[in-house]
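Let me begin by presenting the structure, written as structure tokens, before commenting on it.
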Amino acid sequence: MTADQAGIYSALTEIFREVFMNDDMQISPTLTAKDVPGWDSFKQIEIMVSVEERFGIKLNTREIDSMKCVGDLAAVIAAKAAA
Amino acid sequence: MQHLRWLPPAADARARLSALDRAGGEVWKQAVALAGTRLDFVATNRLDAIVQRHQGAVPPADLAAPPVRLAVLGSATLTHLHAPIRVAALRRGISVTTYENDYGQYLQELLDPRSALHEFRPNAILFSFDARSLTQGVHAALDAEAAAAALQAAEALILQCWQAARDGFGCPLMQQTVLDSFPALLGNNEHRLPGSRSWFVHELNASLRRLADRHGVDLVALDQAAARDGLDAWHDPALWHRSKQEVSPAAGPAYGDLVARLIAARAGRSYKCLVLDLDNTLWGGVVGDDGLEGIVIGQGSPLGEGFVAVQEYARELARRGVILAVCSKNDEANAREPFEKHPDMVLRPADIACFRANWDDKAANIRAIAAELNIGLDALVFLDDNPFERNLIREQLPMVAVPEVPDEPALVPAILADAGYFESLRLTEDDRLRTAQYQENRAREQLRASSSDIEGYLRGLDMKLIWKRFDPVGQQRIVQLINKTNQFNLTTRRYTDEDVAAIMADPDAFGLQLRLLDRFGDNGIIGIVIGRKNDDLLHIDTWLMSCRVLGRQVEPATLTLIADLSREMGATRLRGEYIPTKKNGMVRDHYVKLGFSLIASEPDGRSLAELDLAGFVPTPTFIQMTEG
């Protein structure tokens, strides 16, 4: 994992902990909505809006729909933040 | 766009939320404190979840306002707004439970007495209709006649909802205005296209304002908020398509605050007084150092004009009933000099109801201001450019609202306005006269100081108590007093316009409005009494008074009036009731002091007292009573 990726995952961990109100939550690139109780469409939106605010980017509908796991989300963030 | 920018940011909010969640137990007080900081929507949801988990549906018993059961009825996704509404109410110390209709089923639920909505028994309802559903069938090919018919149909739907809600629940109604998220079709002259959905929304909002006034419904002016902050701050078209959330989650906390301030206003919990610092808040510079000529205020300097804008906004607030006070670390003579002598000052001595300039700490002075004005500390907003003083008051007097103050004075009026501290549902004649009334009070104080004894003072006031039964003319003020009087209020029963109209129509009840005049002026309507007769017993359902007239013998004079009217109705006994709240301890022994006998007192502090009218001898007073 590169330094940039580590930074992204560290920020994402904070976001997931806040959204799911679980201070011990751990995330990994392969984590999907099915793995997390309560990860419904509302939580999905909370995660996306939080990511947008945290990284100062805007996620579009195509990007959001193509994400299958946390790794996909991190990849989009890395690409957008670098641009 | 920074929402809730008047609230102080809490850098450690996440840690405090985690700690509160872990600690559990009685979380209410700390949750109120956290709600007073600028939390984003995720932190807001977390705070709400903590309160739900640890406090459950049971708020602390001693809250100043009764719990609110709010039904949020609408046509799109509103789930994400419930937590922000509850947290914004928490910010004002009000407990709100919410109900959400099944998707799209609001009308059916309103009309069906067996619906979950009816089971919920709301005591407040918010209608939040999205622009798409209200503009169904409106398109650019419509002619003017068809567009007008569509507008009428939308109005009729909304009126039908209001009527069903009134019939079903008789509770206060709120209607959110419609958010115009439609792209323009013509452009600058959009109003020339009858079927423009954007223009349709504009017209519908104009109708809603007219109808809301006619039907006694309060508006949540989302259209104005979006006009101020920009549509993007409130609405995200992509999220609308994804989740049918018209108000984006990021704007949830701001939406919640708009709703909660209306709830607070209904409960008489709006702030009443703006306490102003002086140096670098009302003018630039330090009057004690720079002197009268050295302070920056007035035309010709950009900074001086900014301070003029602050003063003008404060004066406008005063003209509509907000009390102004001064709290400054200064020698009093120095502090007063600009008000008296500086030609460019907008605020003058007569605008300030209470002036405290000395070297005591500001918390002590703010306590003194609340005591002198006879209002609660939780009715005060404290404006000070100095972060040290702001933090001191936030720590020592957490019930006082202390907004963030930008370095640029020109931006201060907008912050104060956006914060919605002084939200008012309507204006009464008494509101317009408020500052003058506080000034008259000061003249009364001077008479009291110069009178050698209290009797001489009361005699010298030439008081006249003019009483009238409830009538449509006084109704606004009656409802306002019933809903905002907290201290001198025996039962704190809150009544709506409909309730007051029902009392007027009931032959076995009376509602009295009392106005006190004296040689210094008209105190306005200062007392409300509601009596209900059952056989020979007259139950005093409500007795409330403005604290401004305490110690003026109004209580015994009012009792004499109640006794006379009750006898006329055939009653032989009066029954008085006391229901304790956080704020009305001052009237705990009200009835006993007036000669009633205690007949019951409960462990929770409630008590009943009776007075036998046959043996009642009125206490002589210096008040002349007349029916007016």
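The values are calculated or read from the model by the stated rules, or taken from the named source; none is laboratory data. In this text the structure is predicted, and so the values were computed from the model without any measurement. Cβ sites come from the backbone with ideal geometry, for glycine too, and all protein chains shown count toward neighbours. These area figures cover heavy atoms from the full protein model, side chains too; ligands, DNA and RNA do not enter into them. Shrake-Rupley method; radii C 1.70, N 1.55, O 1.52, S 1.80 Å.
On the stretch given as region B:42-61, residues that are charged (D, E, K, R) and either open to solvent by 30 Å² or more (accessible area, probe 1.4 Å) or touching a Pro at 6+ places or on another chain (Cβ under 9 Å) (or both) total 2.
Summed over region B:75-89, residues that are surrounded by fewer than 24 Cβ atoms within 10 Å (Cβ to Cβ) and under 17 Å from B:V58 (Cα atoms) total 1. Of all residues in region B:173-192, those being in contact with an Asp or Glu (Cβ under 9 Å, 6 or more places away or on another chain) and either among the acidic types (D, E) or not in a strand (DSSP E or B) (or both) number 7. Within region B:242-261, the set of residues being within 7 Å of another protein chain (Cβ to nearest Cβ) and of a type in the set (A, V, I, L, M, F, W, C) comprises just one member, B:A250.
What about B:L90, is it part of a helix (DSSP H, G or I), under 22 Å from B:P172 (Cβ atoms) and under 19 Å from the mean Cα position of the chain (by Cα)? Yes, satisfied. One residue stands out among those in region A:23-42 that are more than 10 Å from chain B (Cβ to nearest Cβ) and of a type in the set (S, T, N, Q): the one that is most open to solvent (accessible area, probe 1.4 Å), which is A:Q26. Of all the listed residues (B:G570, B:G576), the sole one being assigned to a loop (DSSP other than H, G, I, E, B) and either out of contact with any strand residue (DSSP E or B) (no Cβ under 6 Å at 6 or more places or on another chain) or not charged (D, E, K, R) (or both) is B:G570. Residue check: is B:A221 more than 23 Å from B:Y495 (Cα to Cα), open to solvent by 50 Å² or more (accessible area, probe 1.4 Å) and either in contact with a Ser or Thr (Cβ under 9 Å, 6 or more places away or on another chain) or not assigned by TED's automatic domain parsing to the domain that holds B:E109 (or both)? Judged against the criteria, B:A221 is not a match. The number of residues in region B:356-397 being under 24 Å from the mean Cα position of the chain (by Cα), at pLDDT below 95 and not in a helix (DSSP H, G or I) comes to 3. Kindly indicate the residue of region B:5-31 that is open to solvent by less than 40 Å² (accessible area, probe 1.4 Å) and outside any loop (DSSP other than H, G, I, E, B) and also farthest from the other protein chains (Cβ to nearest Cβ) among those meeting that condition. Here the residue is B:W28. Within region B:91-98, not a single residue is out of contact with any Cys (no Cβ under 9 Å at 6 or more places or on another chain), hydroxyl-bearing (S, T, Y) and either over 26 Å from B:L7 (Cα atoms) or open to solvent by 60 Å² or more (accessible area, probe 1.4 Å) (or both).
Output the residues belonging to region B:11-37 that are at negative phi and not hydrophobic (A, V, I, L, M, F, W, C). So that I can check it myself, show each step before the final result.
Keep residues of region B:11-37 that are at negative phi, which gives B:11-23, B:26-37.
Matches in region B:11-37: B:D12, B:R14, B:R16, B:S18, B:D21, B:R22, B:E26, B:K29, B:Q30, B:G36, B:T37.
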